[in-house]
Every structure is written in C-alpha cells, then in structure tokens.
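Heads up: the structure comes next, in structure tokens.
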Amino acid sequence: MLRSVILSTATLVLAAQTPAPEAPKATPAAASTAKAAKAPKAPAAKAAPTAAPAKPAADPVLATVGKEIIRQSDFERFLNTTLSDQQRMQLQFIEGAREQYLTRFLEFKALAAKARKEGFEKQPEHAKKLAIMDMQLLIQALMERDGPALQARLTLKDEEVKAFFDKHPDKFKTPEMFTARHILIGTSAKGDEKALTDEQAKAKADKVLAEIKGGKAFDAAAKEYSDDPGSKDKGGLYEDTAFGKFVPEFDQAVRAQTIGKVGDPVKTMFGYHLIEVEKITPAVAQKFDDVKDAAKEQATAERQEAVMQEYMDKAKKEVGFKAASAPVKAAQ
C-alpha cells in the first residue's frame, strides 16, 4: 500500500513539473494571410444573459436502500470511523481507493438492510452488542473532549523527575550480579525410563563432587557430567548474571557459598547442582544524569496512573457508581 502511495505521489509531482507544450510558431505566409484578412471590427453584439450555474448539492444523495436515503455525509462519517488519520491521508493518493471504499460502504448498507428486513436486529444478542458499541463510542467522545486537559497534566518539570528519582533509589541502580560455574545432575519427569531417581541423582552429584575435590577441574567435570544445555559446553559458566533469574534455592546457595569453593549439592526442582562461585558484583546506584530519560518515563507513567485514577473516582462519584461486594464468577 505504501509503495502505491509513493508511486502515485511521484506521478503527481512529475506531472506538475512537466512544462506545457509551446504553441506552434506562425509562418510568414500565415502571417500575411492573417493581415490581409484583418478588417474593421463590427460593433460587438451584447451577449444574452446566461443563467448562473447550479450549485452542487451540499450533501448529495449517493443511493437509496428502501426508504433510507444515503448521503455523502454518511460515507464521510463511515471513513472517519473506520480509518485512522494516516489511512485517510493515504486514501487521497491512491487512485480508485476512495471509489472502492464507497462501493464497499454502499454494499454494507445493502447487507445491513437485508439483515434488518429478516429480523436480525430483534435478536436479544444484537441489542447487547449494540450497547457495548454505544459504550465505546460514548467513551471515545468523552476522551476527545477531556483528553487534552488530562494530557496536559502529564507534563513534568525537571525538578519533579529528580524528586521521583530520589524517592525511588532502588529503581535506578545496576542489579547485583554473580559469575559462577555449576553442574546439574538432573531428574526427569515420571515415566521416563532413563530418568534418575532423586536418590540416584544425589549419589551421582556426590560422586562428581568427590572427583572435583580430588583434583578434577570444575569446567572439565561440567562438560562431562552436566545436564544443563545452557552452560555445559562453557564448563558450566554463567557470567555476570543478575540474581533472580534462577530458582530461589540456586540464588541462596550462591550468596551463602564461599567464593572459589565448591559447595555441597543443592537440590532444586531440576535436580542437584554443584556450584562454584567466582565473584559477586554488588548493586551500584546510578547517577541521575545517566538515567534521566528512564526516570522521566517512569515518573510520567506514575503520574498518568494517578491522573486517570482521580478522573475515574470523580466520574464514579458523579454517576453514583457502586460495585457489588461479592466477586463475579464466570458463567458455567
């Protein structure tokens, strides 16, 4: 569609820039003939008064469906309701597009008339759906009126953004991270004949731990024994990983273990883990100038929620809104 718009626009531009063809120059013979034919002008006869051209109808009729008269304004309303601003703009540049939309609109009118004639509008579900559409249109009209004033309240000054930053220091700091190697001895779902039982997985983890304590390199043991596909080929390494991305038992073991020392097997829902923590990087508070844009975005979101909640509370009070105390259950 966009390609068609570009091509159509380019055609219009080229047409506008093409110079009009020059009129043919008169030959000497033609000039002398014209001179000889030149005679004194007779008094011009007064032209008879002509009737003023009829003004086009302000809202012309496009079609009739039964007793319903469909006018140009109905079609324009259809376009304004069903198309976005951008789509309506593109419609001006695509040859034949407006005519196609008009054809569809008039066909929709005919189909709707057929459905109405056959009694579909009298079905109970039709009225309920119509009420939902009415609600949406009313809210849209209300927001078109009140939206600009609400939007204006979302503009924040720099000092307000800074106040938000100071009030929420935990939102603006690099996360606490760790680098560690681990070996997973996994247990699988029930019914898998190759799955290790909990006891078998624990025994295997103890065996691997004994090999490491006996001098086997941790990364070599991970490549040989680990069931974790995400780190097995990297010697079990997870580098600069934020806390919270693993199950709680894993994070707790990383925090509790001595750096550089392999701890006892840690049980999780996936099986047993052997963990060797290489380093823990503490969280670091960020400077306001480095995160000003992010702070503004979050502060604006908070302001928006507060403004809309205030608007909603006021609306509920004006119309006498009262929610049911019991929760609504889904229909069976």
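Miscellaneous remarks
- Residue pairs meeting the criteria (Cβ under 7 Å; at least 6 apart or on separate chains; first more than 13 Å from GLN72 (Cβ to Cβ), in the stretch 93-106; second surrounded by fewer than 15 Cβ atoms within 10 Å (Cβ to Cβ) and among the hydroxyl-bearing types (Ser, Thr, Tyr)): PHE93/THR9; ILE94/SER4
- Filter pass, LYS261 being more than 30 Å from VAL161 (Cα to Cα) and in contact with a strand residue (DSSP E or B) (Cβ under 8 Å, 6 or more places away or on another chain): yes
- For the stretch 268-290, a tally of residues being in contact with a strand residue (DSSP E or B) (Cβ under 9 Å, 6 or more places away or on another chain) and either β-branched (Val, Ile, Thr) or surrounded by fewer than 16 Cβ atoms within 10 Å (Cβ to Cβ) (or both) returns 11.
- Among the residues of the stretch 57-102, those that are more than 26 Å from ASP134 (Cα to Cα) and part of a helix (DSSP H, G or I) comprise MET89, GLN90, LEU91, ALA97, ARG98, GLU99, GLN100.
- Residue within the stretch 84-97 that is among the charged types (D, E, K, R) and under 30 Å from GLN298 (Cα atoms) present: yes
- Members of the stretch 297-310 found to be within 20 Å of PRO148 (Cα to Cα) and surrounded by 15 or more Cβ atoms within 10 Å (Cβ to Cβ), listed by number: ALA299, THR300, ARG303, VAL307
- Inter-residue pairs, beta-carbon under 8 Å, first farther than 16 Å from LYS204 by Cα and in the stretch 251-273, second surrounded by 13 or more Cβ atoms within 10 Å (Cβ to Cβ) and small (Gly, Ala, Ser), 6+ apart: ALA253/GLY263; VAL254/ALA180; ALA256/GLY263; GLN257/GLY263
- Sole residue being among the acidic types (Asp, Glu) and surrounded by 11 or more Cβ atoms within 10 Å (Cβ to Cβ), chosen from GLU160, GLU144: GLU160
- The test for being charged (D, E, K, R), assigned to a helix (DSSP H, G or I) and farther than 27 Å from LYS234 by Cβ holds for LYS128.
- Positions within the stretch 84-140 being aliphatic (A, V, I, L, M), in contact with a helix residue (DSSP H, G or I) (Cβ under 9 Å, 6 or more places away or on another chain) and under 30 Å from ALA315 (Cβ atoms), in sequence order: ALA127, LEU130, LEU137
- Test for LYS207: is it in the same structural domain as ASP228 (by TED's automatic domain parsing), farther than 21 Å from GLY230 by Cβ, surrounded by 10 or more Cβ atoms within 10 Å (Cβ to Cβ) and basic (Lys, Arg): yes
The values are calculated or read from the model by the stated rules, or taken from the named source; none is laboratory data. Computed from a predicted model, the values in this text were never measured in an experiment. Cβ atoms come from the backbone with ideal geometry, glycine included; neighbour counts cover every protein chain shown.
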